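Below: the structure, in structure tokens.
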Amino acid sequence: MKNMRPGRNDPCPCGSGLKYKNCCMGKDIPIRPKVTQDIIETYLKKYNIRLKNEKDIEGIRRAGRLTVDTLDLVERHIKPGVKTDDINTLVHEFTIKNGAIPAPLNYRGYPKSVCVSVNDVICHGIPGESILKDGDIVNIDVTPILNGYYADANKTFFVGTPSEGAKKIVSVARESLKAGLSMSKPGNRLGDIGWAIQRYAEARGCSVVREFVGHGVGLDFHEAPQVPHYGVQGRGIVLIPGMVFTIEPMINLGKKELHILPDRWTAVTNDGSLSAQFEQTILITENGYECLTPYDLDEPILK
Ligand code: MF3
Ligand code: CO
Ligand code: CO
């Protein structure tokens with residue numbers, strides 16, 4: 001990351017169109033480094049991070065729109081009495097119909113096309129014969145591969161009428177993702193994202209799962225870097241334009257500890273408390289971030 005400071009006669013990095021010397025030079029304005037070929041190579045060699053180009057981004061954006069359409073479709077079908085395997089069928093067929101492939105299917109031996117995680121299941125719930133009942137919360141995690149590009153997002157829904165605990169954990173999980181997104185801009189670091197999430201969730205008496213993290217995504221399902229949902233402000237890799245990764249905090253109403261069921265996938269809270277999650281795929285831009293799986297995080301919890 002050398003040569004970050006522009007020359008006197010270079011265009012000003014603030015984007016004014018003036019020469020640097022006639023604009024921000026000498027003023028105490030932070031320099032936003034342009035992503036040079038040098039920086040692209042450094043991120044690849046040092047961190048194994050593949051920065052995305054315009055073509056990649058458009059591909060991931062399209063996959064992201066399908067992801068959101070899939071979540072919308074599922075939302076319309078969630079109600080008491082629905083079998084979790086029916087959600088799998090819905091997601092699988094919709095994905096194929098749209099010319100995409102469900103990334104979870106056969107991923108490291110995962111047997112289904114979507115993750116369906118109910119109540120104390122933190123993530124990676126396998127759809128099957130179990131039936132959604134009134135008062136449950138259910139997370140649906142969708143990742144299509146469209147023309148080779150991956151986009152990964154999830155949402156937690158209420159089934160019927162939620163309990164007070166259900167309302168609380170879904171709200172805290174959703175706001176935790178928003179806290180992470182608010183830190184997502186160039187110059188900030190990965191630690192800032194985790195720190196903001198942890199601070200928000202723990203201040204409300206909830207806990208942050210440590211074993212599963214956000215991740216680079218786009219050309220593959222799980223790429224570098226890892227994006228922890230806890231951490232220390234000012235630590236970690238510097239965010240730069242072209243990074244594409246998920247933020248997907250898993251937040252428990254009780255304690256953070258978990259165990260994996262004998263199916264070797266399903267992660268559940270040790271204390272049996274409810275767990276909720278929201279996930280988005282984002283692109284770091286010059287000014288902040290763009291959501292590549294753009295669903296609304298402000299919508300009212302109950303419709
Ligand atoms: N979609 C999950 C994530 O957010 C990964 C699921 S892996 C699977 O990273 F095999 F369970 F699908
Ligand atoms: Co993910
Ligand atoms: Co996911």
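The values are calculated or read from the model by the stated rules, or taken from the named source; none is laboratory data. The model shown is predicted, which means the values in this text are computed figures rather than measured ones. Here the Cβ positions follow ideal geometry from the backbone for every residue, glycine too, while neighbour counts run over all protein chains shown. Ligands, DNA and RNA are stripped out before the accessible areas are found, and what is left, the full protein with its side chains, is counted by its heavy atoms. Shrake-Rupley method; radii C 1.70, N 1.55, O 1.52, S 1.80 Å.
Summing Lys and Arg as +1 and Asp and Glu as -1 over all other residues whose Cβ lies under 14 Å from the Cβ of Gly148 gives a net charge of +1. With R₀ set to 35 Å, the beta-carbon distance separating Glu211 from Asn106 gives a calculated FRET efficiency near 0.95.
If I take R0 = 22 Å and measure r between the Cβ atoms of Val232 and Arg5 in this structure, what FRET efficiency does the formula 1/(1 + (r/R0)^6) give, to the nearest 0.05? Could you put the intermediate results ahead of the total?
Values: r = 27 Å, r/R0 = 1.25.
In this case the efficiency is close to 0.20.
Taking the 1.4 Å solvent-accessible surface of the stretch 6-66 as the whole, the part contributed by carbon and sulfur is 51%. Averaged over its residues, the chain has an accessible area of 46 Å² per residue, based on protein heavy atoms and a 1.4 Å probe. Projected label points at Glu41 and Ser163, each 7 Å from Cα along the beta carbon direction, are separated by 5.8 nanometres.
If you take every residue apart from His222 with its C-beta less than 10 Å away from the C-beta of His222, what net charge results, scoring Lys and Arg +1 and Asp and Glu -1? Net charge in that neighbourhood comes out at -2. Averaged over residues, the count of other Cβ atoms within 10 Å places the peptides 7-20, 48-61, 184-197 in the sequence 184-197, 48-61, 7-20, highest first.
Dipole size of the stretch 245-296 about its Cα centre, with +1 on Lys/Arg Cβ and -1 on Asp/Glu Cβ: approximately 280 debye, rounded to the nearest 20.
Please say if the stretch 160-303 is rounded, prolate or oblate, where rounded means a/c under 1.5 for a ≥ b ≥ c the square roots of the C-alpha gyration tensor eigenvalues, and otherwise the choice is prolate for a/b larger than b/c and oblate otherwise?
prolate
Expressed as a whole percent, the accessible surface of the stretch 212-268 that belongs to carbon and sulfur atoms is 56, based on a 1.4 Å probe.
Roughly speaking, what is the stretch gain from Asp296 to Glu93, that is 0.36 nm per residue apart minus the C-alpha to C-alpha distance, in nm to one decimal? Write out the running numbers ahead of the final one.
Details: separation 203, 0.36 × 203 = 73.08 nm, distance 2.42 nm.
Working it through step by step, the gained length comes to 70.7 nm.
Remark: C-alpha extents of the stretch 130-229 on the principal axes read 41, 37, 21 Å, sorted largest to smallest. Among 143-152, 72-81, sorting by the average number of other beta carbon atoms lying within 10 angstrom of each residue, highest first, gives 143-152, 72-81.
Given their separation in residues at 0.36 nm each and the Cα-Cα distance between them, Lys255 and Asn48 gain 71.2 nm when the chain is fully extended. Counting only alpha carbon atoms, the long axis of helix 37-47 and the longest principal axis of the chain meet at about 40°.
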